[in-house]
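A.B. asks: So that we are looking at the same thing, I have put the structure below in structure tokens.
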Amino acid sequence: SQAAAGSSAPGSGAAEPLSGFLAWCGRAGVQLSPKVRLSREGAVAGYGMLAAAELEPGEVLCTVPRSALLSQHTSSIQALLREGQESLQSQSGWVPLLLALLHEYTASNSHWRPYFSLWQDFRSLDHPMFWPEEERRKLLQGTGIPEAVEKDLANIHLEYSSIILPFMESHPNVFDPKLHTLELYKQLVAFVMAYSFQEPLEEEDEDEKGPNPPVMVPVADILNHVANHNANLEYSPQCLRMVTTQPISKGQEIFNTYGQMANWQLLHMYGFAEPYPSNTNDTADIQMVTVRTAALQRARSEAQQRLVSEQWDFLCQLEMVGEEGAFVLGWDEVLTEEELSVTLKVLCMSEEEFKEYKEQDGWEDDSEEEENLTLSNEALSRLKPPCKQLLYDSVLLTLESYRSDLKAEQDLLHNKEAYEKLSQREKQALHVRYGQKRILHQLLELVH
């Protein structure tokens with residue numbers, strides 16, 4: 001799997017930034033197990049962590065004290081950020097960290113300089129947000145990525161102009177908009193997307209607090225990702241530890257997990273995708289409004305069309321659907337099972353059935369209904385014929401949103417010569433499209 005970590009090291013000495021960084025780790029109290037090494041050689045992309053000896057599950061690969069994390073609380077401008085925290089609130093919650101990075105990345109005396117030297121110029125970050133819009137549309141239409149990127153770019157511009165710039169202008173001794181540009185800000189957003197960690201909340205805090213802000217974790221962020229990973233990060237009050245979860249043989253690369261990520265999320269957030277069939281967490285979306293479109297197309301008369309519109313409005317009231325939402329399909333089951341179950345059932349009701357359902361406010365005392373909410377592949381194949389037909393029509397409409405069909409992708413993947421001629425971007429986009437279409441075609445077969 002092509003993965004995110006590392007970049008083209010400057011000039012001749014690829015080892016120099018690494019040896020400087022390892023020396024910095026020693027000074028910062030970061031402990032690296034003698035059984036691992038950091039290297040470009042043997043890693044799937046950029047730098048990686050490799051086993052220098054056999055490893056058992058549960059072995060600690062590195063320990064990073066909290067003082068070595070780069071965050072809004074450890075940056076040399078932490079007091080400034082604390083003082084201005086009211087004015088730095090934003091939708092993303094990333095602004096304080098991004099200001100800390102803007103400063104530390106450009107300050108010649110920054111404590112973090114050896115850490116940043118691993119990413120000499122961020123040019124290796126090739127998230128779709130850096131692709132020309134036309135290329136993004138051409139390669140990724142139908143995948144959901146172009147729409148996600150447009151939202152990101154709008155947010156980045158908004159945060160930079162309305163929060164970052166005013167803050168920088170009120171602290172001219174620390175910031176210079178000519179140096180701390182929108183372009184650098186955008187690169188640092190991608191850097192945070194691809195390399196930061198977000199500590200999970202304690203269970204008792206989940207309802208009260210918003211998510212923890214992201215932090216940069218030196219060494220841990222060098223590990224690449226695959227769905228079938230062999231290590232993960234553990235949090236404790238004093239430090240963070242990367243720990244093995246499987247036996248690893250000498251010379252093998254050690255992989256972390258960035259979470260259960262579909263290929264479109266990996267490409268959008270990290271700049272790479274896993275080739276089929278490696279990504280067991282891959283998903284495909286059916287836009288909720290596509291199911292409404294399919295139901296309206298099926299309605300023969302004006303009265304039936306009116307009924308579909310009323311049913312849709314009722315589903316909106318139940319908060320089962322929305323104009324922006326999507327039904328999410330995995331390899332083995334529907335991940336938004338309640339939403340899809342209820343939507344199909346309601347949109348396939350006769351006027352009488354719908355009237356009765358509405359009178360009960362969408363409640364049913366039938367325990368059978370509860371069991372039907374688990375939409376495994378097997379359950380999908382047992383749906384009632386009208387529901388199957390509606391789902392089938394919705395999948396066909398979804399497949400029409402791509403620029404090419406499954407067979408074209410398959411031919412490309414199986415033709416080694418043609419595949420090798422593709423650019424890196426074309427390959428990554430192909431993996432995203434192919435996985436989604438495989439899942440959608442699998443669904444077609446189940447409900448046919």
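A.B. asks: Going through 217, 226 one at a time, which residue ends up being touching an Asp or Glu at 6+ places or on another chain (Cβ under 8 Å) and surrounded by 14 or more Cβ atoms within 10 Å (Cβ to Cβ)? Give the steps one after another, and end with the answer.
C.D. replies: Numbers: 217 fails: touching an Asp or Glu at 6+ places or on another chain (Cβ under 8 Å).
Of the residues listed, the single one that is touching an Asp or Glu at 6+ places or on another chain (Cβ under 8 Å) and surrounded by 14 or more Cβ atoms within 10 Å (Cβ to Cβ) is 226.
A.B. asks: Condition first: touching a residue at least 12 places away in the same chain (Cβ under 8 Å), under 21 Å from residue 297 (Cβ atoms) and open to solvent by 60 Å² or more (accessible area, probe 1.4 Å). Now tell me which residues in region 392-440 satisfy that.
C.D. replies: So the first thing to find is which residues in region 392-440 are touching a residue at least 12 places away in the same chain (Cβ under 8 Å), and the list is 392-399, 401-406, 409-410, 412-413, 424-440.
Cutting the leftovers down to under 21 Å from residue 297 (Cβ atoms) gives us 392-399, 401-402, 405, 440.
Scanning region 392-440 gives 396, 405.
A.B. asks: So residue 105 clears everything in (1) free of Cβ contacts under 8 Å to residues at least 40 places away in the same chain; (2) touching a Phe, Trp or Tyr at 6+ places or on another chain (Cβ under 8 Å); (3) not small (Gly, Ala, Ser) except one condition, right? Which one?
C.D. replies: It fails just one condition, (1).
A.B. asks: For region 380-388, state whether one or more residues are farther than 30 Å from residue 303 by Cβ, open to solvent by 20 Å² or more (accessible area, probe 1.4 Å) and within 31 Å of the chain's Cα centre (by Cα).
C.D. replies: yes
A.B. asks: Which residue pairs have Cβ atoms closer than 9 Å, lie 6 or more positions apart in sequence or on different chains, and pair a first residue in region 22-45 that is without any contact (Cβ under 8 Å) to a residue 60 or more places away in the chain and under 12 Å from residue 62 (Cα atoms) with a second residue that is part of a helix (DSSP H, G or I) and open to solvent by less than 20 Å² (accessible area, probe 1.4 Å)?
C.D. replies: As it stands, the answer is 29/68; 31/25, since those pairs meet every condition given.
A.B. asks: If a residue has to be among the β-branched types (Val, Ile, Thr) and within 19 Å of the chain's Cα centre (by Cα) to count, how many in region 423-448 make the cut?
C.D. replies: Initially, region 423-448 is screened for residues among the β-branched types (Val, Ile, Thr), giving 432, 439, 447.
Going one step further and asking which of them are within 19 Å of the chain's Cα centre (by Cα), we end up with 432, 439.
Within region 423-448, residues that are among the β-branched types (Val, Ile, Thr) and within 19 Å of the chain's Cα centre (by Cα) number 2.
A.B. asks: Related question: If you take the residues of region 265-283 that are touching a residue at least 40 places away in the same chain (Cβ under 8 Å), part of a helix (DSSP H, G or I) and out of contact with any Pro (no Cβ under 9 Å at 6 or more places or on another chain), which of them is least open to solvent (accessible area, probe 1.4 Å)?
C.D. replies: Going through the qualifying residues, I end up with 266.
A.B. asks: Restricting to region 430-448, give me the number of residues that are closer than 15 Å to residue 411 by Cα and either touching a His at 6+ places or on another chain (Cβ under 9 Å) or of a type in the set (A, V, I, L, M, F, W, C) (or both).
C.D. replies: Filtering region 430-448 for residues closer than 15 Å to residue 411 by Cα gives 430-431, 433-435, 437-438.
Among the residues that remain, those that are also either touching a His at 6+ places or on another chain (Cβ under 9 Å) or of a type in the set (A, V, I, L, M, F, W, C) (or both) are: 430.
The number of residues fulfilling the criteria is 1.
A.B. asks: Count, please, the residues in region 286-313 that happen to be of a type outside the set (A, V, I, L, M) and touching a residue at least 40 places away in the same chain (Cβ under 8 Å). Outline the logic, then answer.
C.D. replies: Of the residues in region 286-313, the ones of a type outside the set (A, V, I, L, M) are 287, 290, 292-293, 297-298, 300-302, 304-306, 309-313.
Checking the rest, the ones that are also touching a residue at least 40 places away in the same chain (Cβ under 8 Å) come to 287, 290, 292-293, 297-298, 310-311.
Number satisfying all stated conditions: 8.
A.B. asks: Can we say residue 150 is at pLDDT 95 or above and within 22 Å of residue 75 (Cβ to Cβ)? First the steps, then the outcome.
C.D. replies: On the way: at pLDDT 95 or above: yes; within 22 Å of residue 75 (Cβ to Cβ): no.
For residue 150, the condition - at pLDDT 95 or above and within 22 Å of residue 75 (Cβ to Cβ) - is not met.
A.B. asks: Condition first: modelled with pLDDT of 95 or more, surrounded by 16 or more Cβ atoms within 10 Å (Cβ to Cβ), in contact with a Gly (Cβ under 7 Å, 6 or more places away or on another chain) and within 15 Å of residue 271 (Cβ to Cβ). Can you find one or more residues in region 126-135 that meet it?
C.D. replies: Yes, some residue in region 126-135 is modelled with pLDDT of 95 or more, surrounded by 16 or more Cβ atoms within 10 Å (Cβ to Cβ), in contact with a Gly (Cβ under 7 Å, 6 or more places away or on another chain) and within 15 Å of residue 271 (Cβ to Cβ).
The values are calculated or read from the model by the stated rules, or taken from the named source; none is laboratory data. Source: prediction; values computed, not measured. As a convention, Cβ positions derive from the backbone with ideal geometry for all residues, glycine included, and neighbour counts pool all protein chains shown. All accessible areas refer to the heavy atoms of the entire protein, side chains included, with ligands and DNA or RNA removed. Shrake-Rupley method; radii C 1.70, N 1.55, O 1.52, S 1.80 Å.
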